[in-house]
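K.L.:
Handing you a structure now.
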Number of protein chains: 4
Amino acid sequence: MGVLGASGYAGRELSALILRHPMLSLAFAAANEQRGTTARIAGRDVPFIAADDVSLSQAELVFSALPHGASKEWVGRIREAGVRAIDLSADLRPGNGCEGIAYGLTELNRESVRGASLVANPGCYPTSILVALAPLFERGLVADGATIIANSASGVSGAGNSPKRELLFGEIAENYRAYGVGNTHRHLNEMSATLQSWGANADLVFTPHLLPVARGILSTITVPLSRPIDDVLAPWREAYANEPFIEVSDEQPTLRDVVYRNVVRIGATAIAATRTPMLLVTSAIDNLLKGAAGQAVQNANLMLGLDETAGLPA
Amino acid sequence: MGVLGASGYAGRELSALILRHPMLSLAFAAANEQRGTTARIAGRDVPFIAADDVSLSQAELVFSALPHGASKEWVGRIREAGVRAIDLSADLRPGNGCEGIAYGLTELNRESVRGASLVANPGCYPTSILVALAPLFERGLVADGATIIANSASGVSGAGNSPKRELLFGEIAENYRAYGVGNTHRHLNEMSATLQSWGANADLVFTPHLLPVARGILSTITVPLSRPIDDVLAPWREAYANEPFIEVSDEQPTLRDVVYRNVVRIGATAIAATRTPMLLVTSAIDNLLKGAAGQAVQNANLMLGLDETAGLPA
Amino acid sequence: MGVLGASGYAGRELSALILRHPMLSLAFAAANEQRGTTARIAGRDVPFIAADDVSLSQAELVFSALPHGASKEWVGRIREAGVRAIDLSADLRPGNGCEGIAYGLTELNRESVRGASLVANPGCYPTSILVALAPLFERGLVADGATIIANSASGVSGAGNSPKRELLFGEIAENYRAYGVGNTHRHLNEMSATLQSWGANADLVFTPHLLPVARGILSTITVPLSRPIDDVLAPWREAYANEPFIEVSDEQPTLRDVVYRNVVRIGATAIAATRTPMLLVTSAIDNLLKGAAGQAVQNANLMLGLDETAGLPA
Amino acid sequence: MGVLGASGYAGRELSALILRHPMLSLAFAAANEQRGTTARIAGRDVPFIAADDVSLSQAELVFSALPHGASKEWVGRIREAGVRAIDLSADLRPGNGCEGIAYGLTELNRESVRGASLVANPGCYPTSILVALAPLFERGLVADGATIIANSASGVSGAGNSPKRELLFGEIAENYRAYGVGNTHRHLNEMSATLQSWGANADLVFTPHLLPVARGILSTITVPLSRPIDDVLAPWREAYANEPFIEVSDEQPTLRDVVYRNVVRIGATAIAATRTPMLLVTSAIDNLLKGAAGQAVQNANLMLGLDETAGLPA
């Protein structure tokens, strides 16, 4: 396996998963800014090389964890070299003008991932929200024309490890704020396009927040229903009965439940005291695992014909 | 002034505000569990006495920061002693079966507070949400029959300082979760009853969350509008033009902006890509000041004919 | 394996290590206070039973993670049942009046642990300090009559998960303090007795501190030397060349380097500008793993004739 | 007053203190990197201008909070303009080759500060350590030829707010480490030179650490004594009896005790079980107040003939 953009939080996590994977090995870890240095990852010394110095064809599959914008071109080069690719950036995801590419929300698109040579790995917020919403739409349980409100709170590793003043400890600790408000966050398009592909007649309002924790995302989602549901957890228990990486919980999912694990953990409760039936759905993931590197390896496992769970902490 | 329940986070904050207040003095600080001990508050040694040993009538006004349930009876005793009272518990707030008592959401009920001898001090979440919503309802800007979604995140001081395993550092740090889901939190009644008193035809869905910070609340509120608004901040700028403790902000309010200050800080943004016009309103407070002890002193200032801002950090 | 005191932080960590261990299984997890409840540990539902309801002899080896004081008696019962025991409490450690029991500082006492049927598992602070000091004493590098100053800082999981006000998030976050000052901490005896058993002529001053982190200990130790050392890391590189769980580092060890791993990570630097040669030694461990449950399993592996590293994250 | 370097953490704190000061006003706030922007400080909008655009002579006194190295030259310009100066950088402090300049450790050098037109404001670590040590040296209580070990732990605001990867929340949270080990930290010279100026025959070993908190320093100091002391707190109680900004505490000082306050809080305990008498002294300050901006204003008050405590939170 090769990794482009290996020095960021997602790139490091990816390199660590590959190094610990029982059936994969790490052919190269490219990181332009830190080329020539060595990083300690998963107990090994990993040399960072420049992307231009990499022979892409030496790898069976290359992951791009490059920044949005820069990734698309490199994915092109990987594919020209005849090598399979998984793009962790937003460049090739639904709603970004590149339809027709397999979208690696594994549990929902398993068959198209399995046969793909190029996969667009989902965003962290969309993973937490779409995996939670899908069973409701599949069962016709969402009110026609509904407005779904998704409030998400993320640990700061989601913002990467480039030095920015706003991400300093002194700015984040004991603080909390919304950002990307008014449906302006990049991930909205990805989610709206996916909802549309499901034939959903619904609006989505998405508001991300920045938490003073290192990792984890919790999405709190209110959904107007087409009819009341007796057993509120049944849609997920049915839809994900055999999924190794999806947990349905009687208790409210917490970040603590999911960090360092490649899972989505989902809870649901009927909302009292509203005129029409509504559901509160909460969904927790580790943004660097199921929200990025973990799901990327899960997709690679499928593309390479390996056991889907190989090398992944559940 | 007297304080009952002085050893909790709100009671200590209240005692500190009174000790630093230029025109008030602290007659007694009662705290049954810690009676006989002395606490260092605002640079002074404050003896905690048993509530039963207090002569209530020695104070011009008594604040009760006792737990919900226990407070009501003590407020009765205070009033029987002919002494003014401010109750910081939920016992006498709207929606809790005790209508007719002045509700101390100061900016919205200033006149009724001024003439009252008994005031029910608002809950922390309701303060952040109702102060943010009032200008929209006053101007007829909320869609008829709207469902308003309020997601709030609070620092742990809101849960008090009684030793509970779930509030240990090891459980809260690097964690985040929803609680009181499905409209089951005690504060929902207080908010619903207040909306009703405004003649509002709207449902409210309220979901609180627990943040790994000591203090501060941020409420993120989506509001379906009756019509688009050009200048989204205008309702608050107009309604609160002369309010010393309300700030309207072009940028997203953060906890950092408001902690240790007796203010509500409000931001608003139009939400893109929805069929009907919607607004995202965010509102930040310090849960112990404007959300509890600060607003209590603000109300006391009014009841005693003092400058409303006296002794309060803005 | 059996675990007594399974609901504390160390007991849970121990149960998790056993459940994930390739060659061990968990016969019972006893936790009086939480008997009858079920805990989610290492992805499994573990029922907590009362210690009195346990049949001790069903286990090949029982770990006691009971509180200091209570543990000693239970270890007696385990041994009477003819079962091997590892005591994680301080009750049977050196300096506590129970000499002659194998002291499970694994790297320093491997042979006596291997043959033992009862092992006193070391304290977290002593593990970080004694493993760091041993190579200096072995090589005669500590000045005769030296005063060694050890300042340690620990995450709060070291204080257990019993609900105490001083351990609430609101008391620990954004705070830091020394405790057990003046050589009054329980672990001093354990360290002094061990130094004495090495024939060391040295005084130890030990000051623990409480950090606002969940786990990890860093000890910062100043050591007067008998002579200058050219290659300051050589003593550890030599002494621990073949140790799988000891790391010697050119860079300052950090908590981040060691949490969730069963290792001691050691750094050393010559101290400039002092009359006589001195060394600064820093030593980091995860207090729940190498400082408690991890080292206990390491000892159990030896006692049971298994690979010493089995089931342990390095 | 004027402030150079007003956009850093110390510069902002200084500007805030001046704005809130009853007898001072802020003539200018210079911050090259952020020139042309406006910052919200102490409830006011403060425009940042370029240092080169400042008319230095418009201020009665100028504080330089510029980086080490750059500050010295600007202090020269301030003095050439005939204006009093307080330098918060290390450039003019003892041990840095610029002797003869008043050293603003206020409680120890009050008279020389009062008459000075230029003051070198002490470093944060030296403030916490030297104020704690002085009474012991004054009374001849330190053993001749003693080695004093000072371990300090600081919040990250001490490292400034320039964007650096190592200061990101994701790197600092749940972490802790030593730095500047082996007596290599810049502040050692400042302390050694000061000890020398006291005629002290003692070595100092100083090891700073980085804490996952925003502000505050705790120094833990072991001192070999010339003779045992009966009343261990007596030296400080006597020496600082009338000092408004020094607190002597029976209990261990914590960061929580001192943040947002311009004080040094000191505790002391006799150390048991050592051959020769030793004392453990702990000393806590807010690194941005008593450790920087607060002490600077305290010095300015003296230089300008004002009440020394004016405008300072005690």
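Derivation of every value follows stated rules applied to the coordinates shown; laboratory data play no part. Keep in mind the model is a prediction, meaning the values are calculated, not measured. Note that each Cβ is placed from the backbone with ideal geometry, even for glycine, and that neighbours are counted across all protein chains shown.
K.L.:
In debye, nearest 20: dipole of the protein assembly as shown around its Cα centre with unit charges on the Cβ of K, R (+) and D, E (-)?
P.N.:
It works out to roughly 0 debye.
K.L.:
Considering the alpha-carbon set of region D:124-287 alone, what are its Rg and its Dmax in angstrom?
P.N.:
When restricted to Cα atoms, region D:124-287 yields Rg and Dmax of 16.0, 49 Å.
K.L.:
Next up: Cα atoms only, region C:129-218: Rg and Dmax in Å?
P.N.:
Rg then Dmax for region C:129-218, in Å: 15.4, 47.
K.L.:
Follow-up. Measuring from label point to label point, each 7 Å out along Cα→Cβ, what is the C:His68 to B:Asp250 span in nm?
P.N.:
5.9 nm
K.L.:
Let me ask something else. If the only charges are +1 at each Lys and Arg Cβ and -1 at each Asp and Glu Cβ, what is the size of the charge dipole of region B:124-287 around the Cα centre, to the nearest 20 debye?
P.N.:
Here the size comes out at about 380 debye.
K.L.:
Let me spell out the model: positive unit charges on the Cβ of Lys and Arg, negative unit charges on the Cβ of Asp and Glu, origin at the Cα centre of chain A. What dipole size does that give, in debye rounded to 20?
P.N.:
Computed charge dipole of chain A: roughly 440 debye.
K.L.:
Let me ask something else about it. Just name one of C:Pro163, C:Ile229, C:Val258: the one whose Cα is farthest towards the positive end of the charge dipole of region C:124-287 (beta-carbon charges, Lys/Arg +1, Asp/Glu -1).
P.N.:
Value computed over the given set: C:Pro163.
K.L.:
Per residue, how big is the convex hull of region B:268-314 when only Cα atoms are used? Give it in Å³.
P.N.:
108 Å³
K.L.:
Using a label position 7 Å from Cα in the Cα→Cβ direction, what is the ascending list of nm distances from C:Ala81 to the same site in the other copies?
P.N.:
Inter-copy label distances (nm, one decimal, shortest first): 5.8, 5.9, 8.0.
K.L.:
Taking θ = phi - 60°, what integer Hz values does the Karplus form 6.51 cos²θ - 1.76 cosθ + 1.60 yield along region B:50-59, in sequence order, with x for Gly and Pro?
P.N.:
Karplus-based 3J(HN,Hα) across region B:50-59 equals 6, 4, 5, 8, 7, 8, 4, 6, 6, 9 Hz.
K.L.:
Roughly speaking, what % of Cα-Cα pairs in chain C are separated by over 31 Å, rounded to a whole number?
P.N.:
Beyond 31 Å sits 28 percent of the P(r) for chain C.
K.L.:
For region B:277-314 and region D:69-92, compute the distance between their C-alpha centroids and round to whole Å.
P.N.:
The two parts, judged by their Cα centres, are 43 Å apart.
K.L.:
Need the list of aspartates and glutamates near C:Lys290 for cross-linking: C-alpha distance under 14 angstrom, and skip anything on the same chain fewer than eight residues off.
P.N.:
Reachable aspartates and glutamates: C:Glu13, C:Glu107, C:Glu243, C:Glu247, C:Asp257, C:Glu308.
K.L.:
A further question follows. Could you derive backbone 3J(HN,Hα) for region C:160-169 from the dihedral phi with the Karplus parameters 6.51, -1.76 and 1.60 (θ = phi - 60°), listing whole Hz in sequence and x where the residue is Gly or Pro?
P.N.:
Coupling constants for region C:160-169: x, 10, 6, x, 10, 4, 5, 9, 5, 3 Hz.
K.L.:
Using only the alpha-carbon atoms of region A:175-235 as identical scatterers, what base-10 log of I(q)/I(0) does the Debye formula give at q = 0.20, 0.29 Å⁻¹?
P.N.:
-0.98, -1.27
K.L.:
Just tell me which aspartates and glutamates come within less than 12 Å, Cα to Cα, of A:Lys164; anything on the same chain fewer than 8 places away is out.
P.N.:
Candidates past the 8-residue exclusion: D:Glu166.
K.L.:
Something else: Starting from the Cα of C:Ser112, step 7 Å along the direction of its Cβ; do the same at D:Thr309; then give the gap between the two resulting points in nm.
P.N.:
5.9 nm
K.L.:
Tell me, what HN-Hα J-couplings in whole Hz come from the Karplus equation 6.51 cos²θ - 1.76 cosθ + 1.60 at θ = phi - 60° for each residue of region D:81-94, using x for Gly and Pro?
P.N.:
Couplings: 7, x, 10, 5, 9, 10, 9, 8, 7, 7, 4, 10, 7, x Hz.
K.L.:
I would also like to ask the following. Region B:74-183: which trypsin sites (Lys or Arg not before Pro) are DSSP loop and have at most 14 other beta-carbon atoms within 10 angstrom?
P.N.:
B:Arg139, B:Lys164
K.L.:
What shape does the protein assembly as shown have by the C-alpha gyration tensor, where a ≥ b ≥ c are the square roots of the eigenvalues, rounded means a/c under 1.5, and otherwise prolate means a/b greater than b/c and oblate the rest?
P.N.:
rounded
K.L.:
Another question about this same structure. Amide H of D:Gly216: which non-local residues (sequence gap of 5 or more, or other chain) have their own amide H closer than 5 Å, using H built in the peptide plane?
P.N.:
Under 5 Å from the amide H of D:Gly216 lie the amide H atoms of D:Gly155, D:Asn287, D:Leu288, each far enough along the sequence or on another chain.
K.L.:
Counting only other chains, what is the mean number of Cβ atoms within 10 angstrom of the Cβ of each residue in peptide B:178-187?
P.N.:
5
K.L.:
Also, I was wondering about something else. Once you average over the residues of C:149-156, how many Cβ atoms of partner chains fall within 10 Å of each Cβ?
P.N.:
Whole-number average of other-chain Cβ neighbours for C:149-156 is 6.
K.L.:
Collect residues whose amide H, placed 1.01 Å from N in the peptide plane, falls under 5 Å from the amide H of D:Ala314; neighbours closer than 5 in sequence don't count.
P.N.:
Those lying under 5 Å, H to H, from D:Ala314 are D:Asn262.
K.L.:
Need the full-extension length gain, A:Trp198 to A:Ser25, defined as separation in residues times 0.36 nm minus the C-alpha distance. One decimal, nm.
P.N.:
Full-extension gain reported as 58.6 nm.
K.L.:
Report the Cα centroid-to-centroid distance between region C:234-262 and region B:102-173 in angstrom, as an integer.
P.N.:
Result: 51 Å between the Cα centres.
K.L.:
Then there's this: Suppose R0 equals 25 Å; then what is the FRET efficiency for B:Glu33 and B:Tyr260 from their Cβ-Cβ distance, rounded to the nearest 0.05?
P.N.:
The value I calculate is 0.45.
K.L.:
Using a simple spin-label model with points 7 Å from Cα along the Cα→Cβ vector, what separation in nm is obtained for A:Arg227 and B:Glu166?
P.N.:
3.4 nm
K.L.:
Cα to Cα, under 14 Å, and not fewer than 8 places away if on the same chain: which aspartates and glutamates meet these conditions relative to C:Lys72?
P.N.:
Excluding near neighbours in sequence, the set is C:Glu80, C:Asp87, C:Asp91, C:Glu99.
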